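Participant: I have a structure here, written as structure tokens, and I will follow up with some questions on it.
The values are calculated or read from the model by the stated rules, or taken from the named source; none is laboratory data. Keep in mind it's a predicted model, so treat the numbers as computed, not measured. Neighbour counts are summed over all protein chains in view; Cβ atoms, including those assigned to glycine, are modelled from backbone coordinates with ideal geometry.
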Amino acid sequence: MLRKSHFDNVPIKPQRVYEEMSKAFGRDTCYVSVIGLSQIAGAQFLGVYRPRNWINAGQAGPLGWTLPAALGVRAADPNRDIVALSGDYDFQFLIEELAVGAQFKLPYIHVVVNNSYLGLIRQAQRGFDMDYHVQLSFENINAPELGVYGVDHVSVAEGLGCKAIRVTDPKDAQAAFTTARELMAKYSVPVVVEFILERVTNIAMGTEIDNIVEFEEILDLPLDDTPISPDPPRRGKLLPA
Ligand SMILES: Cc1ncc(C[n+]2csc(CCOP(=O)(O)OP(=O)(O)O)c2C)c(N)n1
Ligand SMILES: [Mg+2]
């Protein structure tokens with residue numbers, strides 16, 4: 001079954017980010033990610049076409065792993081297209097490692113999907129009224145343009161010697177990836193592309209492959225509304241509401 005990804009919402013729905021990533025990055029791209037709604041949704045939506053092109057810490061899920069892992073992949077292979085995918089909290093865990101990327105000239109693209117939440121924990125704990133345990137939101141007095149999204153990742157990344165771009169509207173995604181590639185080629189450092197997401201999105205998951213809870217529409221629509229044209233093409237079934 002195919003999930004809808006072509007949302008125009010601002011703040012951005014994460015499904016749209018993965019659609020834009022699939023559009024921008026080729027079939028040889030190597031993705032690096034660890035854990036969170038970001039990694040779970042990324043695994044569902046991104047096209048991975050070759051062995052060792054989905055570098056993940058599996059069930060261990062140690063937050064913070066994505067950034068040094070991506071640097072490691074780059075150190076091991078100077079030529080591969082590398083795209084890391086982090087939630088805001090995974091990214092903050094070892095954000096200082098960006099300086100290692102600047103120090104040793106280890107360029108890659110780091111997509112940060114910022115919902116200002118421990119999103120996976122929020123989703124797992126919904127129903128227990130414990131929002132304050134899992135949210136990271138605050139008004140940053142130095143970056144009022146961020147609203148309630150708290151940490152100014154662009155400033156921190158630049159402070160650590162890297163380049164960074166913030167995307168707030170999905171129609172700017174492709175231009176941001178193009179600029180990110182140019183910056184990477186010019187400066188040979190990690191380039192962060194941050195997407196400001198809607199704060200609350202529940203991602204499809206379940207205990208068994210035949211027992212998945214869906215929170216958004218399942219598509220039975222023409223293929224041009226799908227994240228990536230499946231190969232061979234197939235259609236999804238429309239579930240009753
Ligand atoms: C070191 C460590 N501490 C805690 C956890 C538990 N944990 C798993 S996902 C998650 C929240 C991740 O938030 P974020 O990176 O922003 O991703 P999101 O789910 O919001 O996409 C937490 C706290 C963990 N996996 N590793
Ligand atoms: Mg988050």
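Participant: Please determine whether any residue of the range 73-82 is on the phi < 0 side of the Ramachandran plot and modelled with pLDDT under 95.
Facilitator: No, because not a single residue in the range 73-82 is on the phi < 0 side of the Ramachandran plot and modelled with pLDDT under 95.
Let's see how each residue does on (1) part of a loop (DSSP other than H, G, I, E, B); (2) away from ligand 2 (no atom under 15 Å from the Cβ); (3) touching a residue at least 40 places away in the same chain (Cβ under 8 Å):
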| position | (1), (2), (3) |
| --- | --- |
| Val10 | yes, yes, yes |
| Arg16 | no, yes, yes |
| Gly26 | yes, yes, yes |
| Gln39 | no, no, yes |
| Pro51 | yes, yes, no |
| Ala69 | no, yes, no |
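Participant: Let me confirm something: among Ser137, Ser155, Ser116, which residue is out of contact with any Lys or Arg (no Cβ under 9 Å at 6 or more places or on another chain) and at pLDDT 95 or above?
Facilitator: Sole residue among the options that is out of contact with any Lys or Arg (no Cβ under 9 Å at 6 or more places or on another chain) and at pLDDT 95 or above: Ser155.
Participant: With modelled with pLDDT under 95 and assigned to a loop (DSSP other than H, G, I, E, B) as the only criterion, which of Gly161, Gly127 stands out? Lay out the reasoning, then the answer.
Facilitator: On the way: Gly161 fails: modelled with pLDDT under 95.
The match here is Gly127.
Participant: Right, another one. Exactly one condition in (1) in contact with a helix residue (DSSP H, G or I) (Cβ under 6 Å, 6 or more places away or on another chain); (2) closer than 18 Å to Ala180 by Cβ is false for Leu94; which is it?
Facilitator: Here Leu94 clears every test but (2).
Participant: Residues of the range 122-142 being hydrophobic (A, V, I, L, M, F, W, C) and surrounded by fewer than 16 Cβ atoms within 10 Å (Cβ to Cβ), which ones?
Facilitator: Those that are hydrophobic (A, V, I, L, M, F, W, C) and surrounded by fewer than 16 Cβ atoms within 10 Å (Cβ to Cβ): Ala124, Phe128, Met130, Phe138, Ile141.
Participant: A follow-up question, please. Any chance you could count how many residues in the range 115-164 are away from ligand 1 (no atom under 16 Å from the Cβ), free of Cβ contacts under 8 Å to residues at least 12 places away in the same chain and more than 15 Å from Gln92 (Cα to Cα)?
Facilitator: So the count comes out to 7.
Participant: Does Glu145 satisfy being under 26 Å from Asp77 (Cβ atoms), in a helix (DSSP H, G or I) and modelled with pLDDT of 95 or more?
Facilitator: no
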